[in-house]
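S.K.: Let me begin by handing over the structure; questions about it come next.
The values are calculated or read from the model by the stated rules, or taken from the named source; none is laboratory data. What you see is a predicted model, and the numbers here were worked out from it, not measured in a lab. Counting neighbours? That spans all protein chains shown, and the Cβs are built from the backbone with ideal geometry, glycine included. For accessibility, only protein heavy atoms count, side chains too; no ligands or nucleic acids. Shrake-Rupley method; radii C 1.70, N 1.55, O 1.52, S 1.80 Å.
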Amino acid sequence: MCRMARPRKPLLSRERIVATARALVDAEGLAAVSTRRLAAELGVSGPSLYNHFRTKDEILEAVADSVSAKVDLSMFEAADERDWRTALHDWAVSYRAALTLHPNIVPVLASGPGRRPAGLRLADAVFGAMVDAGWPAAQATSIGALMRYFIMGSALGSFAGGFVDDETAYDPADYPHLGQAHLLAERQQEIDERAFETGLRALLDGLALQYAQVAAPTG
């Protein structure tokens with residue numbers, strides 16, 4: 001019985017295009033993505049990409065949404081017993097973790113969910129959970145916005161990583177309080193995570209004070 005030979009390369013699909021584009025963005029940034037470059041990376045002709053995406057921007061939108069899809073939303077499900085504050089905390093940690101793996105796509109995500117399905121599910125889950133917890137709709141909208149500002153801002157760059165590890169770079173005559181700044185870079189992850197947790201808890205503490213004043217009783 002004669003068997004058909006398998007194709008030497010995997011068939012082109014939206015998922016394969018997005019995965020390749022995401023790897024390219026991670027490695028080289030948004031500017032590295034073009035239909036010509038993607039076609040070369042995938043080993044296909046350029047026009048074949050247009051069977052799945054009309055433009056480069058559509059590809060980047062899909063890459064952004066693939067990152068949003070990695071964010072845990074289980075804490076907002078009806079069966080989950082976490083209160084609104086704990087749910088927001090755990091979601092924020094998951095969201096930041098997803099973004100720190102793919103920081104170069106954050107500028108695209110920062111433009112808002114638009115029509116991206118995973119991004120819209122994320123926004124819907126946060127807003128719905130806050131309203132269900134008793135927050136007025138206007139406040140629930142503001143909470144979703146401020147959490148997004150805080151999380152995305154934290155993922156755009158590293159505070160600790162912004163200092164060089166050269167102890168001669170920060171002359172005490174000019175910067176009397178930066179004598180240990182050259183040590184920050186080697187503890188980048190620890191410092192950045194602690195800063196994020198400090199800010200997140202402060203933000204949630206402030207929301208808890210507002211909640212006592214504006215939230216409607218639930219149940």
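S.K.: Quick check on my filter: what residues within the stretch 97-120 are assigned to a helix (DSSP H, G or I), more than 21 Å from residue 74 (Cβ to Cβ) and either open to solvent by 10 Å² or more (accessible area, probe 1.4 Å) or in contact with a Ser or Thr (Cβ under 6 Å, 6 or more places away or on another chain) (or both)?
M.R.: The answer is 103, 104, 107, 108.
S.K.: Let me ask something else. Count, please, the residues in the stretch 166-185 that happen to be among the acidic types (Asp, Glu) and open to solvent by 90 Å² or more (accessible area, probe 1.4 Å).
M.R.: Here the count works out to 2.
S.K.: While we're looking at this one, here's another question. Just checking, how many residues over the stretch 21-55 are in a helix (DSSP H, G or I), surrounded by fewer than 19 Cβ atoms within 10 Å (Cβ to Cβ) and either in contact (Cβ under 8 Å) with a residue 40 or more places away in the chain or not hydrophobic (A, V, I, L, M, F, W, C) (or both)?
M.R.: The number of residues fulfilling the criteria is 10.
S.K.: Another one. For the stretch 199-219, name all the residues that are surrounded by 15 or more Cβ atoms within 10 Å (Cβ to Cβ) and either basic (Lys, Arg) or within 15 Å of residue 139 (Cα to Cα) (or both).
M.R.: 203, 204, 207, 211, 215
S.K.: Right, next: Does residue 196 satisfy being at pLDDT 95 or above, open to solvent by 50 Å² or more (accessible area, probe 1.4 Å) and either closer than 16 Å to residue 96 by Cα or not in a helix (DSSP H, G or I) (or both)?
M.R.: Answer is no for this residue.
S.K.: Next question, about the same structure. Hey, can you tell me all the residues within the stretch 130-147 that are part of a helix (DSSP H, G or I) and either open to solvent by 20 Å² or more (accessible area, probe 1.4 Å) or more than 21 Å from residue 199 (Cβ to Cβ) (or both)?
M.R.: 131, 132, 137, 138, 139, 141, 142, 144, 145, 146
S.K.: Hey, can you tell me all the residues within the stretch 56-87 that are open to solvent by less than 30 Å² (accessible area, probe 1.4 Å), over 15 Å from the mean Cα position of the chain (by Cα) and closer than 24 Å to residue 194 by Cβ?
M.R.: Once the filter is applied, which keeps residues that are open to solvent by less than 30 Å² (accessible area, probe 1.4 Å), over 15 Å from the mean Cα position of the chain (by Cα) and closer than 24 Å to residue 194 by Cβ, the stretch 56-87 yields 75, 87.
S.K.: Can you name the condition, by its number, that residue 160 falls short on among (1) over 18 Å from the mean Cα position of the chain (by Cα); (2) more than 30 Å from residue 21 (Cα to Cα); (3) open to solvent by less than 80 Å² (accessible area, probe 1.4 Å); (4) not basic (Lys, Arg)?
M.R.: In the conditions (1) over 18 Å from the mean Cα position of the chain (by Cα); (2) more than 30 Å from residue 21 (Cα to Cα); (3) open to solvent by less than 80 Å² (accessible area, probe 1.4 Å); (4) not basic (Lys, Arg), residue 160 misses (2) alone.
S.K.: Further question on the same structure: Can you find a residue that is modelled with pLDDT under 95, within 24 Å of the chain's Cα centre (by Cα) and among the hydroxyl-bearing types (Ser, Thr, Tyr) anywhere in the stretch 40-49?
M.R.: Among the residues of the stretch 40-49, not one is modelled with pLDDT under 95, within 24 Å of the chain's Cα centre (by Cα) and among the hydroxyl-bearing types (Ser, Thr, Tyr), which makes the answer no.
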